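Visitor: One structure, as structure tokens, below. Some questions next.
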Amino acid sequence: MYDLDTRKRALALVAQGFSQNSVSKQTGISRGAIRAWLKRIEPLGYSRGAECPRCSKTPRPLADPAAYSYLLGLYLGDGCISLGKKGVYSLRIACADAWPGLIDACVEAVRSARPTNKVNRVRSPGCQYVTSSSKHWPCLFPQHGPGKKHNRKIQLASWQQHIVDAHPWEFIRGLIHSDGCRITNWTTRLVRGERKRYEYPRYFFTNKSDDIRKLFSDTLTAVGVEWTTLARGGSPLNISVARRASVALMDAHVGPKY
């Protein structure tokens with residue numbers, strides 16, 4: 001019986017465009033086995049639960065914590081988890097059509113978190129939903145719960161906080177890619193008696209959840225980015241980064257959406 005890694009390597013060759021016959025000759029694996037793996041990659045008796053790093057008897061580190069930190073930011077901003085049939089949960093992250101590179105990055109992050117589960121792109125007017133089904137999304141995102149995120153307590157588990165501490169820029173990038181933006185502001189000022197237009201870049205992050213805004217601002221502070229809170233309609237919904245040195249830091253590690 002071939003192990004799961006061997007099966008993944010064979011299917012990766014098929015995904016690269018090699019024919020099943022060619023892959024069979026390269027690897028020594030029969031074409032019949034490769035065809036069967038295209039329908040089901042796991043060996044018979046293989047337990048999907050056993051491969052979840054948070055479901056193990058002794059929880060183990062995630063395979064790609066940097067990708068998870070980015071995905072965590074995306075989920076807290078524009079993601080949701082819903083329970084479907086047979087106890088399977090669906091992760092769904094909304095991504096605007098205007099940013100195709102962001103959609104690709106989201107797909108890769110989801111795939112990294114659950115490499116044995118399919119990742120789909122579901123089209124909707126003006127956006128695509130990156131979706132994936134697994135019994136283990138609540139294990140990876142314990143912030144899941146009933147109702148909207150801004151109506152309930154959002155707090156990172158200790159293992160999540162360790163990942164964010166180790167990969168803060170990925171977390172910040174995920175939050176900006178979901179509920180943030182980089183824009184060019186302008187104002188006017190007098191220069192030698194003449195009023196001139198002055199433009200400057202700044203970053204905004206907008207979220208109704210006080211907890212999620214605090215996670216964002218605390219992480220900014222940890223990496224040396226200065227920020228301010230801006231109220232909208234009497235509510236402190238926006239976090240702004242406008243100081244030149246801080247914008248330069250954000251540009252170096254985050255940059256505009258793409």
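Visitor: How much accessible surface does Asp5 have with a 1.4 Å probe, in Å² rounded to 10?
Guide: 90 Å²
Visitor: With every protein chain present, what accessible area does Arg35 have (1.4 Å probe, heavy atoms only), rounded to the nearest 10 Å²?
Guide: Accessible area of Arg35: about 130 Å².
Visitor: Still on this structure, I have one more. Calculate, for the chain, the solvent-accessible area per residue in square angstrom, rolling a 1.4 angstrom probe over the heavy atoms of the protein chains.
Guide: Roughly 56 Å² per residue, with all protein chains present.
Visitor: If each residue of separation counts as 0.36 nm, what is the full-extension length gain between Ala66 and Arg232 once their alpha-carbon separation is subtracted?
Guide: 56.5 nm
Visitor: Okay, moving on. Mind grabbing the accessible area of Arg111 for me, 1.4 Å probe, Å², rounded to tens?
Guide: Approximately 100 Å² for this residue.
Visitor: Can I ask one more? Going by Cβ distance under 4.7 Å, what cysteines of the chain have no possible disulfide partner?
Guide: Cys80, Cys95, Cys106, Cys127, Cys139, Cys181 - these cysteines have no disulfide-compatible partner (Cβ-Cβ under 4.7 Å) in the chain.
Visitor: OK, next. Using a 1.4 angstrom probe on heavy atoms only, work out the carbon and sulfur share of the accessible area of the range 79-177 in %.
Guide: The nonpolar share, carbon plus sulfur, comes to 53 percent.
Visitor: Now for a separate question. Quick one: length gained pulling Tyr2 to Arg54 fully straight, 0.36 nm per residue minus the C-alpha distance?
Guide: That works out to 16.2 nm of additional length.
Visitor: Another one. What net charge is computed for the residues neighbouring Ser217, neighbours being all others with C-beta under 12 Å from the C-beta of Ser217, Lys and Arg scored +1, Asp and Glu -1?
Guide: Summing Lys and Arg as +1 and Asp and Glu as -1 gives -2.
Visitor: Let me ask you something else. Quick one: in the chain, what % of C-alpha pairs are over 33 Å apart?
Guide: That fraction is 31 percent.
Visitor: Now for a separate question. Determine the gain in length on full extension of the stretch Lys148-Cys80; use 0.36 nm per residue of separation and subtract their C-alpha separation, reporting nm with one decimal.
Guide: Between Lys148 and Cys80, full extension yields 23.6 nm more.
The values are calculated or read from the model by the stated rules, or taken from the named source; none is laboratory data. Keep in mind the model is a prediction, meaning the values are calculated, not measured. When we count neighbours, we look across all protein chains shown, and the Cβ atoms used for this are built from the backbone with ideal geometry, even at glycine. All accessible areas refer to the heavy atoms of the entire protein, side chains included, with ligands and DNA or RNA removed. Shrake-Rupley method; radii C 1.70, N 1.55, O 1.52, S 1.80 Å.
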